[in-house]
């Protein structure tokens, strides 16, 4: 009697594996649940070859995204400082605050690069001055830019 069989997952399964993973499962689990539900396929030479090709294409795609993020990082680092004009109240305090969307708009107007506002991490900005802002372009690529907040 076979103790375990190999199955290639067609989608993510909690506590078992991700899409495209080769997993060893009990024969009954594969026969009665994974294969009939369309969650897995019995591992054959042809299926394993197909999975390898898909993984290679995905790796190339992710590498291209990382290279693009590195190019964007170089572009952002080439610009020494970005300037934001805000309305100033008493002394150096500004009305409101600087938002991630304003940073995205500033970068777009200065460099023509579109970045995601959710990747922008900025300190609490309530006065004029110079601040460092971190922008996450890719899970492995982060750039730090300098912004100047000046009175309008």
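Could you check residue 104 against (1) surrounded by 13 or more Cβ atoms within 10 Å (Cβ to Cβ); (2) in contact with a strand residue (DSSP E or B) (Cβ under 6 Å, 6 or more places away or on another chain) and say which number it fails?
It fails just one condition, (2).
Name every residue in the range 103-141 that is in a strand (DSSP E or B), touching a residue at least 40 places away in the same chain (Cβ under 8 Å) and either outside the structural domain of residue 75 (by TED's automatic domain parsing) or within 15 Å of residue 72 (Cβ to Cβ) (or both), in order of residue number.
Start the filter on the range 103-141 by keeping residues that are in a strand (DSSP E or B), which leaves 120-121, 127, 129-138, 141.
In the following step, the residues that additionally are touching a residue at least 40 places away in the same chain (Cβ under 8 Å) were identified as 130, 135, 137-138, 141.
Of everything in the range 103-141, those that are in a strand (DSSP E or B), touching a residue at least 40 places away in the same chain (Cβ under 8 Å) and either outside the structural domain of residue 75 (by TED's automatic domain parsing) or within 15 Å of residue 72 (Cβ to Cβ) (or both) turn out to be 135, 137, 138, 141.
Quick one: which residue in 17, 38 is in contact with a strand residue (DSSP E or B) (Cβ under 8 Å, 6 or more places away or on another chain) and either farther than 30 Å from residue 106 by Cβ or modelled with pLDDT under 95 (or both)? Spell out the reasoning first.
Details: 38 fails: in contact with a strand residue (DSSP E or B) (Cβ under 8 Å, 6 or more places away or on another chain).
From the options 17, 38, the qualifying one is 17.
May I ask you to say which residue of 18, 73 is surrounded by 15 or more Cβ atoms within 10 Å (Cβ to Cβ), closer than 29 Å to residue 115 by Cα and within 24 Å of the chain's Cα centre (by Cα)?
Working: 18 fails: surrounded by 15 or more Cβ atoms within 10 Å (Cβ to Cβ).
Selected residue: 73, the only one of 18, 73 that is surrounded by 15 or more Cβ atoms within 10 Å (Cβ to Cβ), closer than 29 Å to residue 115 by Cα and within 24 Å of the chain's Cα centre (by Cα).
Is at least one residue of the range 69-79 within 30 Å of residue 10 (Cα to Cα), touching a strand residue (DSSP E or B) at 6+ places or on another chain (Cβ under 8 Å) and not in a strand (DSSP E or B)? Before the answer, list the steps.
So the first thing to find is which residues in the range 69-79 are within 30 Å of residue 10 (Cα to Cα), and the list is 69.
Subset that is touching a strand residue (DSSP E or B) at 6+ places or on another chain (Cβ under 8 Å): 69.
Now drop any that are not not in a strand (DSSP E or B), which leaves 69.
Among the residues of the range 69-79, at least one is within 30 Å of residue 10 (Cα to Cα), touching a strand residue (DSSP E or B) at 6+ places or on another chain (Cβ under 8 Å) and not in a strand (DSSP E or B), which makes the answer yes.
When you go through (1) touching a helix residue (DSSP H, G or I) at 6+ places or on another chain (Cβ under 7 Å); (2) under 30 Å from residue 138 (Cβ atoms); (3) outside the structural domain of residue 130 (by TED's automatic domain parsing) one by one for residue 41, which number turns out not to apply?
The one condition residue 41 does not meet is (2).
The values are calculated or read from the model by the stated rules, or taken from the named source; none is laboratory data. All figures in this text were calculated on a predicted structure; none of them were measured in a lab. Counting neighbours? That spans all protein chains shown, and the Cβs are built from the backbone with ideal geometry, glycine included.
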